[in-house]
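Please treat every number below as a calculation from the coordinates, not as lab data. Being a predicted model, the structure only gives us computed values, none of them experimental. As a convention, Cβ positions derive from the backbone with ideal geometry for all residues, glycine included, and neighbour counts pool all protein chains shown.
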Amino acid sequence: MIDSTPLPLAGPEGRLRADAVRNRALLLDAAARIAADRGAAAITMESVAAEAGVGKGTVSRRFGDRNGLLRALLDHAEIQFQQTFLSGPPPLGPGADAASRLRAFGPALLRHEHAHLDLYLAAEPPPERRYAVPADQLRHRHVAMLLHEVAPGADADLLAHTLLSSVQVVLADHLVRTHGMTLERIEAGWHDLVDRLLD
């Protein structure tokens, strides 16, 4: 049974007051400058506060902790990615059959996270928070929905976790850096898993 409860897309939480929107944009601009100049590892609550000319408490109130700040910085890219599979052109978006969309999803996710690798690696939450991230929940729900359509008798919820783990950003980075694998090889692995599942 696939859970049909709506999940939020990435983006700012709730409706913010105008001054809160300005402060959020100011802080994210500061974080983006630091990431561009020194890399995501240099982004801390203190460095962003100093870059933005505000107190550390302002950053903490807006984002909670460093992970929340990094996730907020990734929101724009994540929203663009979500639009590709929720409403973009086929085969990734609607208009293609579920098997074609499933084949397209893993490589698209792999390429998206590789393009923003520094930030995604820095924003990786600890295990107890990993599966509470709305963007990850939406990805899982999407893949489980496609699996439910193409393999009605399968445990779509569990299989979605299994498939997504094969293109998870930390694993993919490890395979590329340590084992010399190409993104094309990892994409082929996704297609092989999907094809074997659909046989």
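Here are the numbers for the structure shown:
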read-out	value
Calculated from backbone phi, Karplus (6.51, -1.76, 1.60) coupling profile of the stretch 110-116 in Hz, x at Gly/Pro	4, 5, 4, 5, 5, 5, 10
Karplus (6.51, -1.76, 1.60) ³J(HN,Hα), θ = phi - 60°, over the stretch 17-23, in Hz, Gly and Pro reported as x	5, 4, 5, 5, 5, 4, 4
When the convex hull of its Cα atoms is projected in every direction, mean area for the stretch 23-83 (nm²)	3.9
Reduced Cα scattering model of the stretch 60-134, Debye log10 I(q)/I(0), q = 0.12, 0.16, 0.21, 0.27 Å⁻¹	-0.41, -0.67, -0.96, -1.22
Per-pair calculated FRET efficiency, R0 = 25 Å: Glu149 and Ile79 via Cβ, rounded to 0.05	0.50
Inter-label distance for Arg111 and Glu46, nm, one decimal - labels placed 7 Å from Cα along Cα-to-Cβ	4.1
Globularity ratio of the chain, using Cα Rg and 2.2 N^0.38 Å	1.11
Residue range of the chain that is longest and free of trypsin sites (Lys or Arg not before Pro) which are both DSSP loop and sparsely packed (at most 14 other C-beta within 10 Å)	18-199
